[in-house]
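For reference, the structure discussed in these notes is given below.
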Ligand SMILES: Cc1cc2nc3c(=O)[nH]c(=O)nc-3n(C[C@H](O)[C@H](O)[C@H](O)COP(=O)(O)O)c2cc1C
């Protein structure tokens, strides 16, 4: 099982990165799965220019680091969209990656090229935020569900952590770390059931 973690926080060692690391460690140690981390903030990915070129070819004409991410995204069995909540949404870095998947949207909806038999592939949201409102993660979840529709993959599970503000808030909380490990164990269990 190939797991691709796409991290949207500018904090490389922040709360959402901690969540991703705990989940990834569990997948490696308990199920010997492969994991790869992409820190979007360290890459050069332009915002979608809305030029419409992808509507003709299904490919994006912008020549930057997103090109390698198209390939990696397609090759992943499980995709983890990892982002803190910024103004009730995902970070700009993650939104930029998602907007550039417009090329995939064009492929599916304009060129009618579907990714068939990809039901085993899934995407999962890992997110955290400083406050604890009921609708805190609704925006982020909706965006990730739209991405799943575009990529023709299943929306999986979400790991959502409230009341985490300062860097280290999650790392220093044993209960939260345990819930991240439990989340990964559940993913492993449901993958075994489906196999
Ligand atoms: C620009 C910005 C916007 C934010 N917006 C929200 C918000 O709408 N709701 C909230 O609860 N926390 C908000 N936060 C707090 C972060 O979600 C929180 O600190 C999170 O733990 C950061 O995760 P990270 O360490 O992975 O970057 C915001 C933080 C920043 C810097």
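Only the coordinates and a few stated rules stand behind these numbers; no lab work does. Keep in mind that what you see is a predicted model, and the values were worked out from it rather than measured. No Cβ is skipped: glycine too gets one built from the backbone with ideal geometry, and neighbour counts run over all protein chains shown.
Report note on the peptides 149-160, 165-176, 80-91: ranked by the mean count of other C-beta atoms within 10 Å, highest first, their order is 80-91, 149-160, 165-176. Here the calculated FRET efficiency for residue 157 and residue 61, from their Cβ-Cβ distance with R0 = 35 Å, stands at 0.50, rounded to the nearest 0.05. Between residue 25 and residue 175, residue separation times 0.36 nm minus the direct Cα-Cα distance comes to 52.3 nm. Packing order of peptides 109-115, 138-144, 92-98, highest average first: 92-98, 138-144, 109-115 (average count of other Cβ atoms within 10 Å over each peptide's residues).
Note on the chain: helix-only mean residue ellipticity at 222 nm, from DSSP H runs of 4+ residues weighted -39500 (n - 2.57) and normalised by residue number, equals -12500 deg cm²/dmol. Of all DSSP-defined beta bridges confined to the chain, some 5% are antiparallel rather than parallel.
For the pair residue 149 and residue 182, what calculated FRET efficiency results from E = 1/(1 + (r/R0)^6), where r is the Cβ-Cβ distance and R0 = 22 Å, to the nearest 0.05? Present the calculation step by step, with values, prior to reporting the outcome.
Details: r = 28 Å, r/R0 = 1.27.
Computed FRET efficiency for residue 182 and residue 149 comes out at 0.20.
In this entry, segment 100-145 is assigned a mean projected area of 4.6 nm², taken as a quarter of its C-alpha convex hull surface.
Between helix 174-194 and the chain there is an angle of about 50 degrees, using the helix long axis and the longest principal axis of the Cα atoms. Relative to the globular-protein estimate of 2.2 N^0.38 Å, the Cα radius of gyration of segment 46-114 stands at 1.16. Taking only Cα atoms, what is the 0 to 90° angle, nearest 10, from helix 138-151's long axis to the longest principal axis of the chain? It works out to around 40 degrees. A P(r) calculated from all alpha carbon pairs of segment 1-83, with 5 Å bins opening at zero, reads 3, 14, 22, 20, 18, 12, 7, 4, 1 percent. Please list log₁₀ I(q)/I(0) at q = 0.11, 0.12 Å⁻¹ for segment 122-195, using the Debye equation with identical point scatterers on the alpha-carbon positions. Relative scattering, expressed as log10 I(q)/I(0), comes to -0.34, -0.40. The calculated FRET efficiency for the pair residue 132 and residue 71, based on their C-beta separation and a Förster distance of 45 Å, comes to about 0.70. The share of C-alpha pairs in segment 2-194 whose separation exceeds 21 Å stands at 50 percent. The long axis of helix 66-75 is offset from the longest Cα principal axis of the chain by roughly 70 degrees.
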